[in-house]
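Read the structure below first, then the notes.
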Amino acid sequence: MSESAIEMAAPEQVVLPVLTSLNDGNIDDAIARFAEEFTFKDHGIGLEFKNKGELTEFFQKTREYFPDSSLQVNSILVSLDHVVIEWTLHTSVTEPFYGTLSRRVQILLHGVSAVRTKNGEITEWSDYYDGLTSRRTALAAHFTEWVEY
C-alpha cells in the first residue's frame, strides 16, 4: 500500500498573502485564509472577532478609515505552526485643528502579529501595537458592541 503525502503550505505562505491582500484592498482573499473556527484579536484597540462576517466588516472599516495605509513586513519568525511578524504600518489621518480647521497627521506604527495556522488555514491571529499611537479610537468605537474581552 502506498501513501501519498499531502503537501501543506508552510505557515508563512498562509499568513503573508493575507497581509498582501489587505494592503491591496482584497479583503475577501484575506478572509478566505481563515479557518471556519478562528479567533482574531486586536490588542491595540481591544477587539476580538470569531466570525468571518464581523472580521470582514472590521477590515472594510479599517480600509475606510485609513485608505492610504500600507503595511511593511520587517521580520518573520516561523516555528512549527506559528508565525510572528514584526511590521510597520504607514498611514495618515485628518484631525480637527483649531475649531473649523483640520490637519493631516502622518502615522508610523510599529507592531507585531502572532499567528497560528492549522491545515493551511489561520486559526488564531493576534495584533500587538500601541493603541494610542495608532489613532484608531474611531475604528474601535464602531465595534464596541462586539468586544468580547
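The values are calculated or read from the model by the stated rules, or taken from the named source; none is laboratory data. Note that the structure is a prediction, hence the values are computed from the model and not measured. Methodologically, a virtual Cβ is constructed for each residue, glycine included, from the backbone with ideal geometry; neighbour enumeration extends over all protein chains shown.
If I filter the range 80-102 down to residues being under 30 Å from K118 (Cα atoms) and aliphatic (A, V, I, L, M), which single residue comes out as surrounded by the fewest Cβ atoms within 10 Å (Cβ to Cβ)?
Ranking the candidates gives L80 first.
Restricting to the range 72-101, give me the number of residues that are modelled with pLDDT of 90 or more, of a type in the set (G, A, S) and over 18 Å from the mean Cα position of the chain (by Cα).
The qualifying residues number 1.
Given the condition assigned to a strand (DSSP E or B), hydrophobic (A, V, I, L, M, F, W, C) and out of contact with any strand residue (DSSP E or B) (no Cβ under 9 Å at 6 or more places or on another chain), answer yes or no: does some residue in the range 63-85 qualify? Give the steps one after another, and end with the answer.
Our first condition is that a residue be assigned to a strand (DSSP E or B); within the range 63-85, this holds for 70-79, 82-85.
Checking which are hydrophobic (A, V, I, L, M, F, W, C) leaves us with 71, 73, 76-78, 83-85.
Now drop any that are not out of contact with any strand residue (DSSP E or B) (no Cβ under 9 Å at 6 or more places or on another chain), which leaves none.
Checked against the condition, which is being assigned to a strand (DSSP E or B), hydrophobic (A, V, I, L, M, F, W, C) and out of contact with any strand residue (DSSP E or B) (no Cβ under 9 Å at 6 or more places or on another chain), the range 63-85 yields no hits at all.
The rows are residues; the columns are (1) over 16 Å from L22 (Cα atoms); (2) over 12 Å from the mean Cα position of the chain (by Cα).
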position	(1), (2)
H43	yes, no
K118	yes, yes
S126	no, no
R135	yes, yes
